[in-house]
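Beneath this line is the structure, given in structure tokens, with notes to follow.
The values are calculated or read from the model by the stated rules, or taken from the named source; none is laboratory data. On a predicted model such as this, the values are computed, not experimentally measured, just so you know. A quick note on method: Cβ atoms are made from the backbone with ideal geometry, for glycine too, and the neighbour counts reach across all protein chains shown. With ligands, DNA and RNA removed, areas are computed over all heavy atoms of the protein, side chains included. Shrake-Rupley method; radii C 1.70, N 1.55, O 1.52, S 1.80 Å.
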Amino acid sequence: MQLQDEVTKIKGVGPQRAKDLEKHGITTVRDLLYTLPSTYINLDDVTSVSELEEGKRAIVHGVVARDPRLVFVRNGLKIVTVELACEGGVVRIPLFNQPYLQKQYTRGKELRFMGVAHKDGSYWRLDSARGFLHGGITPVYPKFAFIKPAMLERIIKEALNEVEVEERFSEEFCEKAGLISEMDSLRLAHIPKKPEDTAAARASLVLRELLVYSCMLREAGRRDEGAPQAFSDFGILGDFLSMLPFKPTEAQLRSMREIMQDMSEPYPMNRLLQGDVGSGKTIVAFFAAYLAMRSGIQTLFMAPTAILAEQHMRQAEKLFGNEAALLTAKTSAAERKRITSGLSKGDITLLIGTHALLYDTSEIPHLGLVITDEQHRFGVAQRAALSRGEAVNTLLMSATPIPRTLALIQYGKAQVSVIDELPPGRKPVKTRIVPSAKRKSMYLWLRDRLAEGAQAYAICPSIVSSEENNMMSIEQLSFELSSCMSGISVGVIHGGMSESTKSETMRSFAQGELSLLISTTVVEVGVDVPNASIIIIEDADRFGLATLHQLRGRVGRGERQSECYLVTSKPTERLEILKASNDGFEIAQKDLELRGAGELIGQRQSGNEYLRVASLLDDLALLEYSAELISGMPTEFPADYAVLCDEAKRELSLLGDKVVLN
Ligand code: ADP
Ligand code: MG
């Protein structure tokens, strides 16, 4: 039996059990064996009766004093009570609904039980107990809804008996990396002999996985293959700049030059464009697309939301004319057809879109540049899927500044351009914390400002009100404002609306037809309406620092002095930090201190679709180690490196089909 075989090959696993396992994502023997114990217990850590403590978990060891009786209680409940003669006294162990145990735990049997101790009259009782025939280290498996831990353990042991695992790496490499063979690590992880075995086995399996993962990151931005090459021509840069309505900042120019340098080299660019909200990343990305166009290269530009993709498209039309097209979930069939043919003929050189781009199968003969805006919203696999297996230049854009180790996780070995300067004339947004009690007067004040021509956002943490969340909702706020905003045109936008309603509302707000936009965090990223100068964030304490900073970044984009109001009934440290600083890097640093690295990447850690045993947070040191090992492998261990690359490519292609937006 091989790791890639279906679980049905294992003795005792029939179609029904296979179905149950599948519900937990286990279809192959590999899936099964990589379901590692969540912890281990040492059954030799026995507590004597005199040391039992009320309500505490303990392991007792003894001999069954008499054949247990089977008792039927109400509702068909069956109880087998084992009386175990231990050192220092008898312990009673009631076992529910497992009548067969009556025949197994017979008089004279030596057993161990783990459970919770309770004093019951003059006896000790062990509740929620599980029996063991042997001592030693025993694995505890994660709780699954459809498979009992004991069953899982049995199937795993059976599989370990039958499976043959061929070692992929050379002995020399394993020795250098400190790897235990895969078969031995699996065996030790599931059936450890000594307490030390468990950590060593796990570390070895984690390192194996992280080696592949590091290789995937490398593959997603590899430099060793040829990619379509752009011209290095300052004339093109000049042409581009002459079309802009403003002068670029030094930092924007520097980034454009770095991109031109990268793209004119014969291997793929893998560059991260980092800059605070409002620093003007979009125009730099458009320069990359423009340079591509002038060099005969086609570009895919992916944004996380339709609102953002449409906004980019409006700007792209001015720079690229009809060589730019937009593809989202709501693009009509006729337009799709036009796009497909335009792409294949090369008439369309820039295709902007949402994740709909991932599933688009149009032929793009000269695809050579892939741009991802707000890249932290996408995973490694999605980025890889976007490049369609081609060696292309990639440009990732992000407003989230992150420490080096986290950058390694999210971007692999990328080059970084930083826009560390805001366009001139920007006045820092004034931030105030408003106690909930003063909301009414704030909105009255807002009304006058809107009447004078200002535009504002009002952000709520939820769409509808509910008893338990007790948060300001779109529903409630719209109702409250309906009376005090007479004469003001108010729009509402949230994630529960259809794409077309959302984009229509967004368009009217952008064109100034609406003065006030009541919204959820759907406007969090990227939305750019320079005339909007006021943002009110309701129940601001409900949002994280990064989100608040992003939301505040929706204003302060034009000439007007902008203002941000954080409404709250319980001021927090986070809100004070935001009030004190407008600098995204500084805020991110504080955020990191407040929450720790764990939450910062949280759900959005890219590539976690692949990881089974490794955790990017707990195993950060091993991740760095794997990246270090990998960098020397092509020269030192070329054969092992080839094995790794094959696996990374295979995993990436598998993930390509089931990419998930997080
Ligand atoms: P972000 O980096 O947050 O994506 P955008 O690219 O949306 O920022 O730019 C924010 C706003 O600043 C846009 O309205 C854009 O047109 C404007 N802008 C960008 N660069 C400059 C500049 N050099 N001078 C003036 N305005 C600029
Ligand atoms: Mg942006």
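Put a dot 7 Å past the Cα of H24, heading toward its Cβ, do the same for A451, and the two dots end up 6.5 nm apart.
Summary value for the chain: 13 percent relative contact order, contacts being C-alpha pairs under 8 angstrom separated by 6+ residues. Percent of Cα-Cα pairs more than 26 Å apart in the stretch 461-597, please. Tail of P(r) above 26 Å: 25 percent of Cα pairs. For the pair the stretch 12-85 / the stretch 518-582, the C-alpha centres are spaced 52 Å from each other.
Spin-label model, S242 to R650: label points 7 Å out along the Cα-to-beta-carbon direction sit 5.5 nm apart. Here's the picture: charge each Lys and Arg Cβ at +1 and each Asp and Glu Cβ at -1 in the chain, and of M263, L367, A385 the one pushed furthest to the positive end of that dipole is A385. Note on the stretch 230-333: Kirkwood radius taken over Cα pairs, Stokes-Einstein applied at 37 °C and 0.692 mPa s, translational D equal to 225 µm² s⁻¹. Quick check for me: using +1 on Lys/Arg Cβ and -1 on Asp/Glu Cβ, what's the dipole size of the chain about its Cα centre, in debye to the nearest 20? Result for the chain is approximately 1900 debye, rounded to the nearest 20. Dividing the Cα radius of gyration of the stretch 542-586 by its Kirkwood radius returns 0.95 for Rg/Rh. In the stretch 295-391, the alpha-carbon atoms span a convex hull of 93 Å³ per residue. Dipole magnitude for the stretch 210-299: about 140 debye, using +1 per Lys or Arg Cβ and -1 per Asp or Glu Cβ, origin at the Cα centre. Within the chain, what percent of beta bridges assigned by DSSP are antiparallel, to the nearest 5? Antiparallel bridges make up about 40 percent of those DSSP assigns within the chain.
In percent, rounded to a whole number, the relative contact order of the stretch 244-346 is 17, using alpha-carbon pairs under 8 Å and six or more apart. Note on K590: lysines with a C-alpha under 16 Å away, same-chain residues under 8 apart excluded, are K579. With the gyration tensor restricted to C-alpha atoms of the stretch 451-531, the semi-axes of the equivalent ellipsoid amount to 21, 16, 11 Å, longest first.
Taking every C-alpha pair closer than 8 Å and separated by at least 6 residues, the mean separation divided by the residue count of the stretch 433-536 gives a relative contact order of 37 percent. Once the Cβ-Cβ distance of D184 and E110 is raised to the sixth power relative to R0 = 35 Å, the FRET efficiency obtained is 0.70. Applying 1/(1 + (r/R0)^6) with R0 = 30 Å to the Cβ-Cβ distance of N322 and D583 gives a FRET efficiency near 0.15. Modelled this way, with points 7 Å down the Cα-to-C-beta line, the labels at A642 and K11 are 3.9 nm from one another. Counted as membrane-span-like here are DSSP H helices of the chain whose alpha-carbon atoms extend 27 Å or more along the helix's own axis and whose Kyte-Doolittle mean is -0.5 or above; these are 195-220, 638-657. In terms of accessible area, using a 1.4 Å probe and ignoring ligands and nucleic acids, F132, F585 rank largest first as F585, F132. Ordered from largest to smallest accessible area (heavy atoms of protein chains, 1.4 Å probe), the residues W445, W124 come out as W445, W124.
Computed with a 1.4 Å probe on the full set of protein chains, the accessible area for K570 sits at about 110 Å². Taking each DSSP H run with n ≥ 4 as -39500 (n - 2.57) and averaging over every residue of the chain yields -12500 deg cm²/dmol at 222 nm. Classify the stretch 123-262 as rounded, prolate or oblate from the Cα gyration tensor: take a ≥ b ≥ c as the square roots of its eigenvalues, call it rounded if a/c is under 1.5, otherwise prolate when a/b beats b/c and oblate if not. Judged from the Cα gyration tensor, the stretch 123-262 comes out prolate (a/c at least 1.5, a/b above b/c). Taking N as the residue count of the chain, its C-alpha radius of gyration divided by 2.2 N^0.38 Å amounts to 1.18.
Here K345 is the anchor, and the lysines within straight C-alpha reach of less than 19 Å, apart from those fewer than 8 places off in the same chain, are K337. Its residue count N sets the reference 2.2 N^0.38 Å, and the alpha-carbon radius of gyration of the stretch 499-559 equals 1.11 times that reference. Here r is the Cβ-Cβ distance between A621 and R388 and R0 is 35 Å; the resulting FRET efficiency, rounded to 0.05, is 0.50.
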